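Following: one structure in structure tokens, then a few remarks.
Throughout, read-outs are computed from the coordinates displayed, never taken from laboratory work. No experiment lies behind these values; they were computed from the predicted model shown. Glycine also receives a Cβ, built like all others from the backbone with ideal geometry; neighbour counts cover every protein chain displayed.
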């Protein structure tokens with residue numbers, strides 16, 4: 001299988017990333033695919049919308065599967081992820097962007113929170 005330079009770069013990035021960087025990459029993907037689904041829905045290209053939403057759903061499922069339930073926050077995160085999944089499914093089934101906008105909002109908020117956790121100033125405060 002031949003990979004484009006971009007795919008090779010993405011593969012290497014994932015292989016060398018820290019756990020927090022991997023989580024951020026997953027959020028970036030979920031956000032990107034949700035936006036693609038919304039854009040395709042807006043122009044009534046429902047095949048592409050389905051593809052985008054399904055990819056976003058797969059990423060959210062992966063985020064859910066990677067939760068460590070020994071931390072109390074995981075229970076809250078799973079509820080948020082379930083809600084985001086529900087909204088993505090609603091957007092896909094009913095061909096409406098409003099539920100996807102809601103999902104996108106939550107994904108972006110969560111990504112921003114993880115980005116703050118990953119920031120050098122946050123890491124220094126923990127040390």
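Remark on segment 18-122: Rg and Dmax equal 13.9, 44 Å (Cα only). The modelled label-to-label distance between residue 67 and residue 116, using points 7 Å beyond Cα along the C-beta direction, is 2.0 nm.
Express in nm, to one decimal, how much length is gained between residue 50 and residue 105 on full extension, taking 0.36 nm for each residue of separation and deducting their alpha carbon distance. Before the final figure, lay out each step's value.
Working: separation 55, 0.36 × 55 = 19.80 nm, distance 1.91 nm.
Fully extending the segment from residue 50 to residue 105 adds 17.9 nm.
Ordered by the count of other Cβ atoms within 10 Å of each Cβ, fewest first, 23, 78, 93, 60 give 93, 78, 23, 60. Working from Cα pairs under 8 Å separated by at least six residues, relative contact order for the chain is 26 percent. Helix 98-118 axis versus longest C-alpha principal axis of the chain: approximately 10°, rounded to the nearest ten. Relative to the dominant Cα principal axis of the chain, helix 73-94 is inclined by about 20°.
Would you mind ranking 69, 33 by Cβ crowding within 10 Å, fewest neighbours first?
Numbers: 69 10, 33 22.
The order, fewest Cβ neighbours first, is 69, 33.
Counting other C-beta atoms within 10 Å, which of 3, 53 has the fewest, and how do the rest follow? Spell out each step's value before the answer.
Values: 3 10, 53 28.
Placing the least packed residue first, the sequence is 3, 53.
To the nearest ten degrees, helix 46-65 and the longest principal axis of the Cα atoms of the chain are 30 degrees apart. The stretch between residue 89 and residue 28, if pulled fully straight at 0.36 nm per residue, gains 20.1 nm over its current Cα-Cα span.
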